[in-house]
1. Pull out the extension gain between ASN354 and GLN193, defined as 0.36 nm times the separation in residues minus the alpha carbon to alpha carbon distance; nm, one decimal.
2. Please enumerate, by chain and number, the aspartates and glutamates with C-alpha under 14 Å from the C-alpha of LYS63, excluding those fewer than 8 residues away in the same chain.
3. State the answer as a single residue: which of ILE116, ALA297, ILE237 lies farthest towards the positive end of the charge dipole of the stretch 2-331, with beta carbon charges of +1 for Lys and Arg and -1 for Asp and Glu, about the Cα centre.
4. For the cross-link pairs LYS106/LYS168; LYS62/LYS162; LYS108/LYS162, which exceed 24 Å when the distance is taken from alpha carbon to alpha carbon?
5. Keeping all protein chains in place, calculate the accessible area per residue for the chain (probe 1.4 angstrom), answer in Å².
6. Could you state how much accessible area TYR20 has, in square angstrom rounded to the nearest 10, with a 1.4 Å probe and all protein chains kept in place?
7. For LYS278, give me every one of the lysines with a C-alpha distance below 17 angstrom, ignoring sequence neighbours fewer than eight places off in its own chain.
8. Applying 1/(1 + (r/R0)^6) with R0 = 41 Å to the Cβ-Cβ distance of LEU122 and TYR279, what FRET efficiency is obtained, to the nearest 0.05?
Amino acid sequence: MFNITKMLTEFNTYGDQLRYDQDCKKSVTGTRLGMGPVIAWNINSQCNLNCKHCYSNSNQIKKKTTLNTKEALKLIDQLADFKVPVLLLSGGEPLLRKDLVKLIEKAKSRNLRVVISTNGTLLTEKMVKKLKSLAVSYIGVSLDGMEAVNDQFRGKKGAFKKALRGIKNCQKFGQKVGLRFTINQHNYQQLDQVFNLIEREKIPRVCFYHLVYSGRGQNIKEAELSDLKKKKVIDKIINWTQYFIDQGNPKEILTVDNHTDGVYLYLKTKAKNEKKAKYIYNQLLKSGGNRSGSAIANIDHQGNVYIDQFSRFINLGNIKEKSFAEIWTNKNNEFLNKIRNRKAELTGRCSKCNFLEICNGNLRARAFAAGDLWGADPGCYLNEKEIGCEL
């Protein structure tokens, strides 16, 4: 994640402390000393929607292979023992899991910070009140455009209205909530409308995700934006971020899954304000770019462990057979060793890039989908001159 608001204002949140802490690079796993990775846990693969870009290929069928309550509670203990800083409960649609409350109660009893990623359609007043009482730190609700575009992209008419109602229910009961938006050809022209919605509904946080070709996302590569369009999109997001700052009401605005955004903001700022650009660069240097396999891990509904939720082409192990700690600290895992020291493995543009220290080769899942795990990430929208590797 790249926090644009922080870069423009020195805004600081709990997540920023994890992302921009100088100690991050000092530990074996790339997280702060004495702390495990942020865990994105797909607690189920059942979902009431059918999103075109779903990385987990979720559907309405409840899988028998999903970890049962006993196994899930045992996993939570393992994660707490490993001192993970954040437990992100995702799916499928996590609110469909019958024992969700029990899982959250267990996590909170072990002092884990719990956040939820949901499509928002099931956030009834009753559900929100319960989640608020359980001290859930944050709920991210996915909206991929205004009503017609969102419903078409997410495969169900009425999804937009229900998600927006869910957001309003969260606000009604004081539950921190924000938006999640995946940028693509079908919705990028609605960004102004989405920001107007954010302003009108007083939504404090929004994460803009870049498209990743994983799961069903592999089927919509054609929805990827051109490099020029990506720059225009990021320009618009930056301008809106500055607008909220100028209004004295900064929103926490982040982009996700593309560390090119940090380099792009640095280059834009450097042309106007050297001092501010230096601050941005130093923050990016502390973060170290993409940290899949070090500061982030994914566990699917069956208990399989991956370096992130999009990189399911290599399974690191299953928590039914070994503890999470054993899997994550396995010094004999060749892939883990390479991904944590990837600079030596990268080829092409990434290996020659002047900004490798603050990008770290970007998202390997996209490179893999393009045919070469260690090759250039096709999601990078900067040209050779901009990254200093002209051939």
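1. Residue separation times 0.36 nm, minus the Cα-Cα distance, leaves 54.4 nm.
2. Straight-line reach from LYS63, under 14 Å: GLU93, ASP300.
3. ILE116
4. Correct reply: LYS106/LYS168; LYS108/LYS162.
5. 43
6. TYR20 exposes around 20 Å² with every protein chain in place.
7. Those lysines meeting the cut-off are LYS6, LYS268, LYS270, LYS286.
8. After rounding, the FRET efficiency stands at 0.50.
The values are calculated or read from the model by the stated rules, or taken from the named source; none is laboratory data. Keep in mind the model is a prediction, meaning the values are calculated, not measured. Ideal geometry is used to build each Cβ from the backbone, glycine not excepted, and the neighbour counts take in all protein chains shown. Just the protein is used for accessible areas: all its heavy atoms, side chains included, with ligands, DNA and RNA removed. Shrake-Rupley method; radii C 1.70, N 1.55, O 1.52, S 1.80 Å.
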